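Below you'll find the structure, written out as structure tokens, and then a few comments.
What follows is calculated from the coordinates using simple rules that are stated; it is not laboratory data. All values reported here derive from a predicted model rather than from experimental measurement. Virtual Cβ from ideal backbone geometry, glycine too; neighbours counted across all protein chains shown.
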Amino acid sequence: MNGLAWGRGSLIVDGGVVSVLLLLGIAVAAVVAIESFSVLNIIGFGPLSGIVAGVGSIREIAPLAGGIAFAAQAGCRMTAEIGAMRISEEIDAVEAMALRPIPFVIGTRLIGGLLCVIPGYVVTLVTTLFVMGVVIRVFHNQPGGTYSHYVVEFITPRDLLYSVIKVTVYCIAVTLIHCYYGYFATGGPVGVGRASGRAVRASLVMILVLDFTLTVALWGLRPVFVFKG
């Protein structure tokens, strides 16, 4: 659990889910803030960059970043670990002890992944909004009150709940895909490496498919934006 959340080595090379989420959230937030302000400022609407943070980041950008970070770090590690267990016959040993390997090997990783991703994602959301505000205020010399006004105006509790639901679904899908490829890995260490690559590709495609499906299912084809004043 601790290794899944924080890693077992260097923060970047072998960081856990939480550390990778935070680092990716900071980088993505800075890029989104720079690009959104630059584009909106062309037509004189630069101060409205808070709308991008309140709508785009919460609904799309942050969940996608969270899912991709989980797939690239924790998911790939799961495939390698389970694949190594398969080729070294550890899973067969679990079966020989009259234990069901799927709940023992996959179920524990699914629960651990959810326990790490959900609180880590909430912290990353707060960090993302803070970093975007710093970039817009410090580097673009915009008043912080204007940014905060539009962020608060367009963020709703329902959007925050839906955002957490999206990243939770991504986590479940990524865990199942990576565990599947690791569980049925063959061909020795080379086969485990190939399984990890296939799992990453499959999970990234699944994240994008789920993103479109969940966005339509949760917000509809014509989402409503409420101006609260």
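See the values below:
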item	result
Options T127, A217, A96, ranked by Cα towards positive dipole end of the chain, top entry (Cβ charges)	A217
The chain pair-distance distribution - Cα-Cα, 10 Å bins, rounded %	8, 29, 31, 18, 9, 4, 1
Hz values of 3J(HN,Hα) by residue in the range 65-70 - Karplus curve (6.51, -1.76, 1.60), Gly and Pro given as x	4, x, x, 5, 5, 5
Nearest-ten-degree value, helix 144-154 long axis tilted from longest Cα axis of the chain	60
Computed magnitude of the charge dipole of the chain (debye, nearest 20; Cβ of K, R +1, Cβ of D, E -1)	280
For the range 125-180, the fraction of alpha-carbon pairs in successive 10 Å shells from zero, as %	20, 35, 24, 16, 5
Ratio Rg/Rh, restricted to the range 12-116 and using Cα atoms, in which Rh is the Kirkwood radius	1.23
C-alpha long axis of helix 188-219 to longest principal axis of the chain, angle in °	40
Per principal axis, descending, Cα span of the range 75-161 in whole Å	66, 28, 12
The range 180-229 shape via C-alpha gyration tensor axes, a/c threshold 1.5	prolate
Rounded tilt (10° steps) of 17-42 against the dominant C-alpha axis of the chain	30
The range 38-105 - charge dipole about Cα centre, Lys and Arg +1 at Cβ, Asp and Glu -1, debye rounded to 20	360
Only Lys, Arg (+1) and Asp, Glu (-1) charged, at Cβ; the range 49-143 dipole about Cα centre in debye	440
Geometric extent, Cα atoms of the range 107-212 - Rg, Dmax (angstrom)	18.8, 59
Helix-derived mean residue ellipticity, 222 nm - over the chain, DSSP H n ≥ 4, -39500 (n - 2.57), to 500	-23000 deg cm²/dmol
